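What follows is a single structure, written as structure tokens, with notes after it.
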Amino acid sequence: MILNTKQYINGEWTNSTSEKTIEVINPANEEVLGKIADGTKEDVNRAVEAAKNAFQSFSQTPKQARVELLENIVKEYEKRKDDLIKVITDELGSPITFTESVQYEMGLQHFKQAVKELKSFKFVEDRGGHVIQKDAIGVSGLITPWNFPTNQAATKLASAIAAGSTVVLKPASKTPFAAIILAEIFDAAGVPKGVFNLVNGSGSTVGDAISSHPDIDFVSFTGSGGVGSNIMKKSAEDIKKVSLELGGKSPMIILEDADLKEAAKSAIEGVINNTGQVCTAATRTLIPAKLKSAFIDEVKEQVSHYKVGDPYDEQTNVGPQISDDQWNTVQSYIEKGMQEGATLVAGGLGKPEGLDKGFYSKITVFSDVQNDMTIAQEEIFGPVMSIITYDSIDDAINIANDTKYGLAGYVFGNDSGTLKKIASKLRAGRITINDAEGDFSAPFGGFKQSGIGREWGDFGIEEFLEVKSILGIP
Ligand code: TAP
């Protein structure tokens, strides 16, 4: 059992002002994995004070010093590879191969990318009549979800350090142990006292105290829309800047000339990766009406080869949901899909055979989904695919855009003109054509209710900066 009930404040592991603890459950076996502090408002106050004091000097450090600091973080992160992979697999239940290739790797890439960006980033620019100077925004509160324990924190932390902002991080209380290792990494990398502070505890206490603290200048949040909206309201009291990375209901448009086998593989992986607990998951699969039965046959055949089960088995593709609550949520959406008249093609209610212990769902595929059904409109955060048919390209674009979200969109096909037209008309922050490789310099964030602001690369750094114009320099 992992017992770490301390907070990392001002460069030291200190006791929380509360003796209460929160239990962390391993979702693959339902056993208690460890305990963390159930932090308090007072803990947040201490962390903010440390971050505020550190800001005075950290915001003025030369760019080269921050490049070197980020390079040290990269080195220390790589040294902790095995620990991070184990802890993420245990606390999140993500399959070991996915933990290594995606969970571990994405966290690392954000720090590496920040080094690259920072080297060429211009904090001062002479524009003729005036000079633009970009200053670190101040103290930032970072509130992160459980679905990518290092990636979600790393994108914010790397940008904050690059910009010269000091931070208070509150990770999800379901997956706090990867964040504790991040604190150890920052400590070992020589991050100055007070620049990085970690406060564990519940969202309703610690998260709320961050959103309403008058000395926090910026809250960068990733998670659910409801909490995001709440954070905005709290931050409005003293006009704090917020950035919100919220949910999605992203479409994958498969065109008539697409390779159906490849497209089906990508569509399945788009809903099962990380057990469907991905904000950019391609949960609505849009297929030409005339290809419907061929596509369903292909999906049915392929889906039977994917394995749900023990995260430590290298053959496993899909682990458990994060919690019993999340499992119940997924079940209720599957039930709703059946009630509203969608056709169940694979999976369905209940746990897969032989997996009674652990929060495992079946990989579930629905066809005959209408875009106004609940399963096509709401974020499920489970391995559930909704197949929707379309009649023309314009019809596909309309269906794709007909949701309150706008985080991502995916297009599969061969005609460059059609692909470009669709990419330009989708109202979403990230469009991926034909399984293009990820790019950590490309901005990430949503249109509509998927959020406000952008993370990753230089756009991510800009979020942690204020712009000052200086006129009349002699
Ligand atoms: P949230 O409740 O939004 O949790 C995200 C973060 O916000 C966690 O650190 C949480 O702390 C904190 N938080 C909770 N209440 C807060 C408050 N009042 N003020 C400030 N911070 C607060 O997400 P969830 O309940 O874990 O997941 C629910 C649904 O959100 C999922 O089913 C999914 O649809 C969506 N979700 C989206 C994303 C992305 S990437 N967009 C990620 C996760 C979940 P605690 O962990 O201590 O509660």
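The values are calculated or read from the model by the stated rules, or taken from the named source; none is laboratory data. Just so it is clear, the model here is predicted, and its values are computed rather than measured. Positions of Cβ are generated from backbone atoms using ideal geometry, with glycine treated the same way; all protein chains shown enter the neighbour counts. Side chains included, ligands, DNA and RNA excluded: accessible areas come from the protein's heavy atoms. Shrake-Rupley method; radii C 1.70, N 1.55, O 1.52, S 1.80 Å.
Does Ala65 meet the test of being in contact (Cβ under 8 Å) with a residue 40 or more places away in the chain and of a type in the set (Gly, Ala, Ser)? Explain how you work it out, then say what you get.
Details: in contact (Cβ under 8 Å) with a residue 40 or more places away in the chain: no; of a type in the set (Gly, Ala, Ser): yes.
Considered against the rule, which asks whether it is in contact (Cβ under 8 Å) with a residue 40 or more places away in the chain and of a type in the set (Gly, Ala, Ser), Ala65 comes out as no.
Residue count for segment 121-167 satisfying the condition of being assigned to a strand (DSSP E or B), within 18 Å of Pro62 (Cβ to Cβ) and among the polar types (S, T, N, Q): 2.
Taking first residues from segment 407-427 that are open to solvent by 50 Å² or more (accessible area, probe 1.4 Å) and partners that are in a helix (DSSP H, G or I), the Cβ contacts under 6 Å between residues at least 6 apart in sequence or on separate chains come to Lys425/Ile397; Arg427/Asn401.
Of all the helices (runs of 4 or more DSSP H) wholly in segment 175-243, which have at least 3 residues that are within 30 Å of Ile85 (Cβ to Cβ)? Walk me through it before giving the result.
On the way: elements: 177-188, 208-212, 225-236.
In segment 175-243, the matching helices (runs of 4 or more DSSP H) lie at 177-188.
When the criteria are applied in full, Val168 meets the requirement of being more than 17 Å from the chain's Cα centre (by Cα), within 15 Å of the ligand (Cβ to nearest atom), aliphatic (A, V, I, L, M) and under 21 Å from Glu466 (Cα atoms).
If only residues of segment 1-17 that are in a loop (DSSP other than H, G, I, E, B) and more than 16 Å from Gly190 (Cβ to Cβ) are counted, the one that is nearest to the chain's Cα centre (by Cα) is Thr5. Per the conditions (1) open to solvent by less than 10 Å² (accessible area, probe 1.4 Å); (2) more than 10 Å from the ligand (Cβ to nearest atom), the sole criterion not satisfied by Asp238 is (1). Among the conditions (1) touching a Ser or Thr at 6+ places or on another chain (Cβ under 8 Å); (2) open to solvent by less than 30 Å² (accessible area, probe 1.4 Å), the only one that Gly446 does not satisfy is (1). Tell me, yes or no, whether segment 356-366 has at least one residue that is open to solvent by 30 Å² or more (accessible area, probe 1.4 Å), at pLDDT 95 or above and on the phi > 0 side of the Ramachandran plot. No, segment 356-366 contains no residue that is open to solvent by 30 Å² or more (accessible area, probe 1.4 Å), at pLDDT 95 or above and on the phi > 0 side of the Ramachandran plot. In segment 322-334, the residues that are farther than 15 Å from Asn147 by Cα form Cβ pairs under 9 Å with partners that are open to solvent by 40 Å² or more (accessible area, probe 1.4 Å) and within 11 Å of the ligand (Cβ to nearest atom), at six or more places apart or across chains, as follows: Tyr333/Glu378.
Kindly provide the set of residues from segment 244-268 that are open to solvent by 20 Å² or more (accessible area, probe 1.4 Å) and either in a strand (DSSP E or B) or of a type in the set (Lys, Arg) (or both), ordered by number. Scanning segment 244-268 gives Lys261, Lys265.
Applying a threshold of 6 Å to beta carbon distances and a minimum spacing of six or more residues, or different chains, the list of pairs starting in segment 233-246 at a residue that is within 14 Å of Ser140 (Cα to Cα) and ending at one that is open to solvent by less than 60 Å² (accessible area, probe 1.4 Å) and assigned to a loop (DSSP other than H, G, I, E, B) reads Ser243/Gly453. Report whether or not Ala54 is touching a residue at least 24 places away in the same chain (Cβ under 8 Å), crowded, with 24+ Cβ neighbours inside 10 Å and small (Gly, Ala, Ser). Criteria not met by Ala54. Please verify whether segment 287-307 includes one or more residues that are open to solvent by less than 50 Å² (accessible area, probe 1.4 Å) and basic (Lys, Arg). There is no residue in segment 287-307 that is open to solvent by less than 50 Å² (accessible area, probe 1.4 Å) and basic (Lys, Arg).
For segment 132-158, the set of residues classified as open to solvent by less than 10 Å² (accessible area, probe 1.4 Å) and over 15 Å from the mean Cα position of the chain (by Cα) consists of Gly138, Val139, Ser140, Gly141, listed by residue number. Any residue that is outside any helix (DSSP H, G or I), at pLDDT 95 or above and open to solvent by 40 Å² or more (accessible area, probe 1.4 Å) - is there at least one of those in segment 68-77? No, segment 68-77 contains no residue that is outside any helix (DSSP H, G or I), at pLDDT 95 or above and open to solvent by 40 Å² or more (accessible area, probe 1.4 Å).
Determine whether Gln109 is away from the ligand (no atom under 16 Å from the Cβ), part of a helix (DSSP H, G or I) and either open to solvent by 10 Å² or more (accessible area, probe 1.4 Å) or hydroxyl-bearing (Ser, Thr, Tyr) (or both). Spell out how you get there, then give the answer.
On the way: away from the ligand (no atom under 16 Å from the Cβ): yes; part of a helix (DSSP H, G or I): yes; either open to solvent by 10 Å² or more (accessible area, probe 1.4 Å) or hydroxyl-bearing (Ser, Thr, Tyr) (or both): yes.
Taking the combined requirement at face value, the residue satisfies it.
Considering only segment 175-202, how many residues are within 24 Å of Phe444 (Cα to Cα) and either within 13 Å of the ligand (Cβ to nearest atom) or under 18 Å from the mean Cα position of the chain (by Cα) (or both)? Step through it out loud before you land on a result.
Looking only at segment 175-202, we keep the residues that are within 24 Å of Phe444 (Cα to Cα), and these are 175-176, 178-179, 182, 196.
If we keep only those that are either within 13 Å of the ligand (Cβ to nearest atom) or under 18 Å from the mean Cα position of the chain (by Cα) (or both) as well, we get 175-176, 178-179, 182.
The number of residues fulfilling the criteria is 5.
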